[in-house]
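Taking it in order: structure first as structure tokens, then the write-up.
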Amino acid sequence: MGYLIVFLISMVPIVELRGAIPIAVGMNLNMVWAYIICIIGNMLPVPLIYFFARKVLLWGKDKKYIGKFFTWCLKKGEKGGRKLQAKAGRGLFIALMLFVGIPLPGTGAWTGTLAASFLDMGFKKSVIAVMCGVVIAGVIMGLASMGVFGGLSFLLAPKG
């Protein structure tokens, strides 16, 4: 049941893997399995976000009840895309990977994928960059959640 909980949490925008990993640590789940499950959960929405989120947001931006939120999401995606493009130049892949990989609020797979779709970065390149970023963020969050020294001893201690 714990693995299902962290899987579902890792799919939630803003919270994503950054929230699911600490919860997995708090639930004393096996970190290797929790890490893998959180990555899968965080990456599962990425194709839908890439292909459909921008279209849905554009459709809903002038609707009565959802318009303000959808407009906010559009602005956030556009701003993230412009910021990445300005900083990255030709190194957009690395910039996207680092944007997703640094575990700060608003820099996860959801925002990164939306920004990549606004930049017309290409599906395959976007997914690989986001996946690499999610892996990096997972390692950082795992180490931070277990305590850096506790995490290093977990990774480096002989098993058996």
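Relative to the longest principal axis of the C-alpha atoms of the chain, give the angle of the C-alpha long axis of helix 123-146, reported between 0 and 90° and rounded to the nearest 10°.
40 degrees
Could you please report the charge total around Leu114, scoring K, R as +1 and D, E as -1 over all other residues with beta-carbon less than 10 angstrom from its beta-carbon?
+1
At 222 nm, what value in deg cm²/dmol follows for the chain if DSSP H runs of at least 4 each add -39500 (n - 2.57) and the sum is divided by all its residues, to the nearest 500?
So the helix-based figure for the chain works out to -22500 deg cm²/dmol.
Per residue Cα convex hull volume for the chain, in cubic angstrom?
Dividing the Cα hull volume of the chain by its residue count gives 119 Å³.
Can you tally the lysine pairs in the chain where the Cα-Cα distance is under 17 Å and the two residues are eight or more apart, or on different chains?
Counting lysine pairs in the chain gives 14.
Top mean-square fluctuation among Gly19, Gly101, Gly89, Gaussian network model of the chain, C-alpha springs under 10 Å?
Gly89
If I model a spin label at Leu44 and Leu58 as a point 7 Å from the Cα along the Cα→Cβ vector, what separation in nanometres do I get?
Between Leu44 and Leu58, the simple spin-label model gives 2.8 nm.
Amide H neighbours of Gly122 under 5 Å, counting only residues 5+ apart in sequence or on other chains, H built in-plane at 1.01 Å?
none
Which ³J(HN,Hα) values, rounded to whole Hz and listed in residue order, are derived for segment 6-17 from phi using the Karplus coefficients 6.51, -1.76 and 1.60 in 6.51 cos²θ - 1.76 cosθ + 1.60 with θ = phi - 60°, glycine and proline given as x?
For segment 6-17, the Karplus-derived couplings read 5, 4, 5, 4, 5, 8, 7, x, 6, 6, 6, 5 Hz, x marking Gly and Pro.
Among residues other than Ser10 whose Cβ falls under 15 Å from its Cβ, what is the net charge (Lys/Arg +1, Asp/Glu -1)?
0
State in Å² the accessible area per residue of the chain; use a 1.4 Å probe, count heavy atoms of protein chains only, and round to the nearest integer.
About 57 Å² of surface per residue is accessible.
Using a cut-off of 13 Å between beta-carbons, work out the net charge of the residues near Leu58 (Lys and Arg +1, Asp and Glu -1, Leu58 not included).
+3
The values are calculated or read from the model by the stated rules, or taken from the named source; none is laboratory data. What you see is a predicted model; the values in this text were computed from it and never measured. We place every Cβ from the backbone using ideal geometry, glycine too, and count neighbours over all the protein chains shown. Remember, those area values only see protein heavy atoms, side chains included, never the ligands or the DNA or RNA. Shrake-Rupley method; radii C 1.70, N 1.55, O 1.52, S 1.80 Å.
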